[in-house]
Each structure stands twice: as C-alpha cells, then as structure tokens.
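Here the structure is laid out as structure tokens; the discussion comes afterwards.
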Amino acid sequence: MRVAIPDDSGLLADLGARTFHGTFAPDNNEADMSAYLARSFSADIQARELADARTVFLVAEREGGAVAEGRHGTACTRTKRVWDLLEVTSALD
C-alpha cells in the first residue's frame, strides 16, 4: 500500500475503469458503459483529483502491479473502502 503520486493518474484511470466495468457491466448495455467510462475515468480527471490537496489516494499493489485504489476527501464522488476494492479487483484477475 502506498500513497498515489501525480504520475499515477493513468494507472488510477485504468484501474477505476476496470473495476467499475467488472462490477456494473452485467447490468448495463455496452454503449452506455463505454460512454460512462470515457467521461468518468480519464487520466485527466484523475490528475485533477490527485492535485486536490484535500484528498488522499492510496494504491494497493500485489506482485508489482496495482490491484486496488482507495480515496478519501473532497475529490471523491463516493468514499471507497480499499479492502472491498481489493476483493472486487482480485475477482477481475
């Protein structure tokens, strides 16, 4: 587990999109899912959120790769529990 850095914006965008897709794709059509992912999980969005000093991002890594992220603070649309994300992301492996 480590604190995310500005260079992690692409990693956080990819991880967030994969986790969201793995969780919600079965209940949505692919066109809606693709549109939502494109507007919600870009590296630019993540970079802006990472730049907010009132928010802390954590990255959990396993065997050299990111498996989960958690965030807490004002840049969040929701508070995520890191361990729940570890479980969800591990299921995507």
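The values are calculated or read from the model by the stated rules, or taken from the named source; none is laboratory data. These numbers come from a predicted model, not from an experiment. No Cβ is skipped: glycine too gets one built from the backbone with ideal geometry, and neighbour counts run over all protein chains shown.
Whenever a residue of the range 16-38 is buried (at least 16 other Cβ atoms within 10 Å of the Cβ), its partners that are charged (D, E, K, R), lying with C-beta atoms within less than 8 angstrom and at least six residues away or across chains, give the pairs Gly16/Glu69. Under the condition of being over 18 Å from Pro6 (Cβ atoms) and not hydrophobic (A, V, I, L, M, F, W, C), the residues counted in the range 26-71 number 14.
Scanning the range 8-42 for residues that are touching an Asp or Glu at 6+ places or on another chain (Cβ under 7 Å) and β-branched (Val, Ile, Thr) yields nothing. Screening Met33 on (1) more than 10 Å from the chain's Cα centre (by Cα); (2) modelled with pLDDT under 90 shows it passes everything except condition (2).
If you go through the range 36-55 and pick out every residue that is within 15 Å of the chain's Cα centre (by Cα) and charged (D, E, K, R), you end up with 4.
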